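In what follows, a single structure is set out as structure tokens and then discussed.
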Amino acid sequence: MKVIVDNKIPFIREAIESIADEVVYAEGKDFTPQLIHDADALIIRTRTRCDRALLEGSRVSFIATATIGHDHIDADYCREAGIEWANAPGCNASSVAQYMHSALLLLQMQKDCKLTEMTMGIVGVGNVGSKVAEVACDMGMTVLENDPPRAGKEGKELFRPLEELARECDIITFHVPLAHGGAYPTFHLADEAFFRSLQKKPIVINTSRGEVVDTAALLRAMDEGKVSEAIIDVWENEPDIDRRLLQRAFLGTPHIAGYSADGKANATRMALHALCRHFGIKSDFHITPPRPENPVITAGSEAEACLQMYDPRRDSDALKAHPEDFELLRGNYPLRRERQAYLFRHA
């Protein structure tokens, strides 16, 4: 079995080389028909578009993406060609929740946001949105949840319409997949009409997909005072991101909200398990992220401890200083650890 692997996927080499007969590593953007024509499987990230142009005529029968998102895989073509694919739902949910927790703490510290008096609207309450809801509730916030697919299955009374979030929420955060069509399209879900409908000058946060938010409409809303602050981790037209939005954002980071070592290990593990299931191979491997450089956190408060574990200002400052390095900052990101990797001591 020959497998082509994105060379930015961490913790994978020893495991995949114990499974496959031949492994070739390549940059995600460098997957070509010539490279993959005799491969049996691909393990990719979002930078590789898997469609007819790439796959036709190859012997690829399986694709695993070590990401939650899968809009870079042409599911219709794969179905037509008999190619199975798998993503890694929920792999980095805790990592995004960590990012959100730290971002909310910074809003509280630097913008004097009284979180216990605020209402957060969560658009998309799947694996990630559910953990974000737990963070917000633990911080004393009121939470309104919007999720039309879940509402259709579980009952509309459990969820709120987007129009209500636009009226009632002080913070609105997006955690949806990117869908251009179908029953629940999310492309430019936050569009001109959405921003015009806002009533409380909310803080807008996007850690889902850049195209979920209409950049031009968001900037106009900020100019007009309809949006008070923005926290943006995902961008339209990555890596050629809007420099004005970057400089206006309270935090602007290079698509790394889900980039903890723990989340990456989960994604790699899920991709390899899916590969093994497809080919009927025993999945006898172990993936453990490295210990943090400073595994003991000494802090006088919970907020100080959380920001010692992860402070998104460093990523925002780096991107604002060098927006042309978006891809470099994302591709060479120093993987952070989540809470379970640390010991805590009171200062």
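The values are calculated or read from the model by the stated rules, or taken from the named source; none is laboratory data. The structure presented is a predicted model; accordingly, all values stated were derived computationally and were not measured. Note that we place each Cβ from the backbone using ideal geometry, even for glycine, and neighbour counts take in every protein chain shown.
Rundown of residues vs (1) hydroxyl-bearing (Ser, Thr, Tyr); (2) surrounded by 15 or more Cβ atoms within 10 Å (Cβ to Cβ); (3) under 22 Å from the mean Cα position of the chain (by Cα); (4) in a loop (DSSP other than H, G, I, E, B), yes/no style:
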| residue | (1), (2), (3), (4) |
| --- | --- |
| Pro177 | no, yes, yes, yes |
| His188 | no, yes, yes, yes |
| Val227 | no, yes, no, yes |
| Trp235 | no, yes, yes, yes |
| Leu245 | no, yes, yes, no |
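Inside region 247-283, can you point out the residues that are under 30 Å from Gln110 (Cβ atoms) and not in a helix (DSSP H, G or I)? Write out each step before concluding.
Initially, region 247-283 is screened for residues under 30 Å from Gln110 (Cβ atoms), giving 247-264.
Matches in region 247-283: Ala249, Phe250, Leu251, Gly252, Thr253, Pro254, His255, Ile256, Ala257, Gly258, Tyr259, Ser260.
If we keep just the residues of region 80-98 that are over 17 Å from the mean Cα position of the chain (by Cα) and in a loop (DSSP other than H, G, I, E, B), which is farthest from Ser61 (Cα to Cα)?
Among those residues, the one meeting the criterion is Gly82.
Residue by residue through region 270-290, note down the ones that are basic (Lys, Arg) and loosely packed, with under 13 Cβ neighbours inside 10 Å. Steps first, please.
The first filter runs over region 270-290 and keeps only residues basic (Lys, Arg), leaving 277, 282.
Passing the criteria: only Lys282.
For the structure I just gave you, tell me whether Val204 is under 24 Å from Val143 (Cβ atoms), assigned to a strand (DSSP E or B) and in the same structural domain as Ser102 (by TED's automatic domain parsing).
Values: under 24 Å from Val143 (Cβ atoms): yes; assigned to a strand (DSSP E or B): yes; in the same structural domain as Ser102 (by TED's automatic domain parsing): yes.
Against the criterion (under 24 Å from Val143 (Cβ atoms), assigned to a strand (DSSP E or B) and in the same structural domain as Ser102 (by TED's automatic domain parsing)), Val204 qualifies.
How about region 105-148: which of its residues are within 22 Å of the chain's Cα centre (by Cα), in contact (Cβ under 8 Å) with a residue 40 or more places away in the chain and closer than 15 Å to Ile172 by Cα?
Leu107, Met120, Gly121, Ile122, Val123, Gly124, Val125, Val128, Gly129, Val132
Taking Glu164 as the residue in question, decide whether it is crowded, with 17+ Cβ neighbours inside 10 Å, at negative phi and not in a loop (DSSP other than H, G, I, E, B).
Judged against the criteria, Glu164 is not a match.
Of the numbered conditions (1) without any contact (Cβ under 8 Å) to a residue 60 or more places away in the chain; (2) in contact with a Ser or Thr (Cβ under 9 Å, 6 or more places away or on another chain), Tyr99 fails exactly one; give the number of that condition.
It is condition (1) that Tyr99 fails.
Could you check region 39-97 and list, in sequence order, the residues that are touching a His at 6+ places or on another chain (Cβ under 6 Å) and within 30 Å of Pro312 (Cα to Cα)?
Thr46, Arg49, Asn87
Out of the residues in region 207-225 meeting the condition of being outside any strand (DSSP E or B) and aliphatic (A, V, I, L, M), tell me which one is surrounded by the fewest Cβ atoms within 10 Å (Cβ to Cβ). Steps first, please.
So in region 207-225, the residues outside any strand (DSSP E or B) come out as 207-212, 214-225.
Still in the list and also aliphatic (A, V, I, L, M): 212, 216-219, 221-222.
Details: Val212: 24, Ala216: 13, Ala217: 19, Leu218: 26, Leu219: 17, Ala221: 23, Met222: 20.
Once the filter is applied, the top-ranked residue is Ala216.
Specify which of the listed residues (Gly300, Gly258) is closer than 22 Å to His101 by Cβ and surrounded by 19 or more Cβ atoms within 10 Å (Cβ to Cβ).
Gly258
Of everything in region 94-115, what is more than 17 Å from Ala133 (Cβ to Cβ) and of a type outside the set (A, V, I, L, M)? Give them in sequence order.
Matches in region 94-115: Gln108, Gln110, Lys111, Asp112, Cys113, Lys114.
At least 1 residues that are farther than 24 Å from Pro10 by Cα in each: list the helices (runs of 4 or more DSSP H) lying fully within region 299-347 that qualify.
Ranges flagged: 302-309, 313-321.
Give all pairs with beta carbons closer than 9 Å in which a residue from region 167-178 that is free of Cβ contacts under 8 Å to residues at least 24 places away in the same chain meets a residue that is in a loop (DSSP other than H, G, I, E, B); count only pairs at least 6 apart in sequence or on separate chains.
Partner pairs satisfying both residue conditions: none exist.
Any residue that is touching a Gly at 6+ places or on another chain (Cβ under 6 Å), of a type outside the set (Phe, Trp, Tyr), under 23 Å from Ala249 (Cβ atoms) and modelled with pLDDT of 95 or more - is there at least one of those in region 122-143?
Checked region 122-143: at least one residue is touching a Gly at 6+ places or on another chain (Cβ under 6 Å), of a type outside the set (Phe, Trp, Tyr), under 23 Å from Ala249 (Cβ atoms) and modelled with pLDDT of 95 or more.
Is there any pair linking a residue in region 317-346 that is closer than 23 Å to Cys91 by Cα and touching a residue at least 40 places away in the same chain (Cβ under 8 Å) to one that is outside any helix (DSSP H, G or I) and among the polar types (S, T, N, Q), with Cβ under 7 Å and at least six apart or on different chains, and which?
Taking only residues 6 or more apart or on different chains, the pairs are Leu335/Ser260; Arg336/Ser260; Arg337/Ser260; Glu338/Ser260.
Out of (1) under 19 Å from the mean Cα position of the chain (by Cα); (2) outside the structural domain of Lys131 (by TED's automatic domain parsing), the odd one out for Pro33 is which?
That leaves (1) as the condition not met.
Can you find, within region 91-103, the residue that is surrounded by the fewest Cβ atoms within 10 Å (Cβ to Cβ) among those that are touching a helix residue (DSSP H, G or I) at 6+ places or on another chain (Cβ under 6 Å) and among the aliphatic types (A, V, I, L, M)?
Ala93
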